[in-house]
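A quick write-up on the structure given underneath.
The values are calculated or read from the model by the stated rules, or taken from the named source; none is laboratory data. Since this is a predicted model, take the numbers as computed values, not measurements. Cβ placement follows ideal geometry from the backbone for every residue including glycine, while neighbour counts extend to all protein chains displayed.
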Amino acid sequence: MTKRLRSKGNRNHHSKTTVQPPKRHRRTAKFTTMSTTEEAISTITANTLQAKEFPPLRYAVDGYIAEGLTLLAGKPKIGKSWMALDFAMAVATGGLALGSVECRRGPVLYCALEDNHRRLQRRMSQLYGNVEHWPPELHFATQVRRLGNGLIDDLREWIERHRPKLVIIDTFAGVRPQGRREGYEADYSALAPLQELAGDLCVSILVIHHLRKMPSDDPFDMISGSTGVTGSVDNPFVLHRGKQGVTLYGRGREIEEMEQAVEFVGGMWKVLGDAAEVRRSEERNAILEVLEEVDEPMGPKEIANALGKSENNIKQLLFKMHKDGEIKKRGRGRYCAADET
């Protein structure tokens, strides 16, 4: 018997095969139902915020050290500790800091971690030896525990008991957590507990810190460590000595950005005024002195050479001084003192 074999390949030879696209499963977001009291993110509406009333921000040192965490950085031996001691004494007595800045009187805790009692007494005697009684509201500590090892608890207890207006930690290196952690996260997390403590207890905390050796156009970039240091504080200050003198730079969340010319005499710091204005006045006085010493009018190049300054800067300053009546013009581009005939 002959069997007829039918090829499967020939079956449906002329039919078209329809390829079905893969089924796409629609993904739906799954939300966890949570009661209002269990929300992980706490919010406040804009209209509720509008109706809230806050007490005015208070300063320990008016315009400089507000409630919160303030950082004062400078190179070694520039006089950071002298400035800190001036702040401490002025707040403890309700006197003037930096020669003219009003302070809010109250107890002060000064953690002088690089000093001992003998050195502190010597400094106090140098500055306030003529004062019959040093203020009992100024407290010194030369040893404290470190951050991450009990300092925050110790400070909280002391602050709640004495209600100080100002707490000074001199220096940050003396309380910095021990270990080799570096970078933004380490720097930020080291100072963040102090910033939180200052906010919780409405107290001004000042931390003294160092500058790195590498120069920078922005003085705040010279603060030792990463940007986590400045990022974790409310108001950073830099005390920096330049070619034209010492300048106190300040910026932050609670203060106006400033560049103040300051002077250090006999252990005391004094604010001279806005740095740009003070430096300009100094340069004008220098030009007047040069013109008064000669018998003939001088040109910008001669004056610049005598002062070791840029000729372009001197030209601009001479133009302004002539406009203000401080000097007289004699001939083309030559000047003399205003009182010369």
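When we screen Ile159, Ile223, Ile168 for residues that are within 17 Å of the chain's Cα centre (by Cα) and at pLDDT 95 or above, the only hit is Ile168. Please verify whether Arg123 is in the same structural domain as Arg212 (by TED's automatic domain parsing), touching a residue at least 40 places away in the same chain (Cβ under 8 Å) and closer than 17 Å to Ser204 by Cα, treating the condition exactly as stated. So Arg123 fails the test.
In the set Val294, Val265, Val233, Val290, which member is under 17 Å from Ala73 (Cα atoms) and either of a type in the set (A, V, I, L, M, F, W, C) or surrounded by fewer than 19 Cβ atoms within 10 Å (Cβ to Cβ) (or both)? Going through Val294, Val265, Val233, Val290 in turn, the sole match is Val233. When we screen Leu248, Leu206 for residues that are touching an Asp or Glu at 6+ places or on another chain (Cβ under 8 Å), buried (at least 21 other Cβ atoms within 10 Å of the Cβ) and assigned to a strand (DSSP E or B), the only hit is Leu248.
Look at (1) in contact with a helix residue (DSSP H, G or I) (Cβ under 7 Å, 6 or more places away or on another chain); (2) crowded, with 20+ Cβ neighbours inside 10 Å and you find that Ala190 fails only one, number (1).
If you go through the range 87-112 and keep only what is touching a strand residue (DSSP E or B) at 6+ places or on another chain (Cβ under 9 Å) and more than 22 Å from Phe264 (Cβ to Cβ), you end up with Gly94, Arg104, Gly106, Pro107, Leu109, Cys111.
When you go through (1) within 25 Å of Glu67 (Cα to Cα); (2) outside any loop (DSSP other than H, G, I, E, B); (3) out of contact with any Lys or Arg (no Cβ under 9 Å at 6 or more places or on another chain) one by one for Ala92, which number turns out not to apply? Single failed check for Ala92: (3). Taking the criterion of being in a helix (DSSP H, G or I) and of a type in the set (S, T, N, Q), the residues of the range 123-182 that qualify are Ser125, Gln126.
Being outside any helix (DSSP H, G or I) and among the aliphatic types (A, V, I, L, M) is true of Val238.
When the range 41-62 is filtered for residues that are within 19 Å of the chain's Cα centre (by Cα) and at pLDDT below 95, the ones remaining, listed by number, are Leu57, Arg58. With respect to Gly242, determine if the residue is outside the structural domain of Leu72 (by TED's automatic domain parsing) and loosely packed, with under 12 Cβ neighbours inside 10 Å. Here the answer is no, as Gly242 does not meet what is asked.
Could we say that Tyr128 is touching a residue at least 24 places away in the same chain (Cβ under 8 Å), assigned by TED's automatic domain parsing to the domain that holds Pro76, of a type in the set (Ser, Thr, Tyr) and out of contact with any strand residue (DSSP E or B) (no Cβ under 9 Å at 6 or more places or on another chain) here? Judged against the criteria, Tyr128 is a match.
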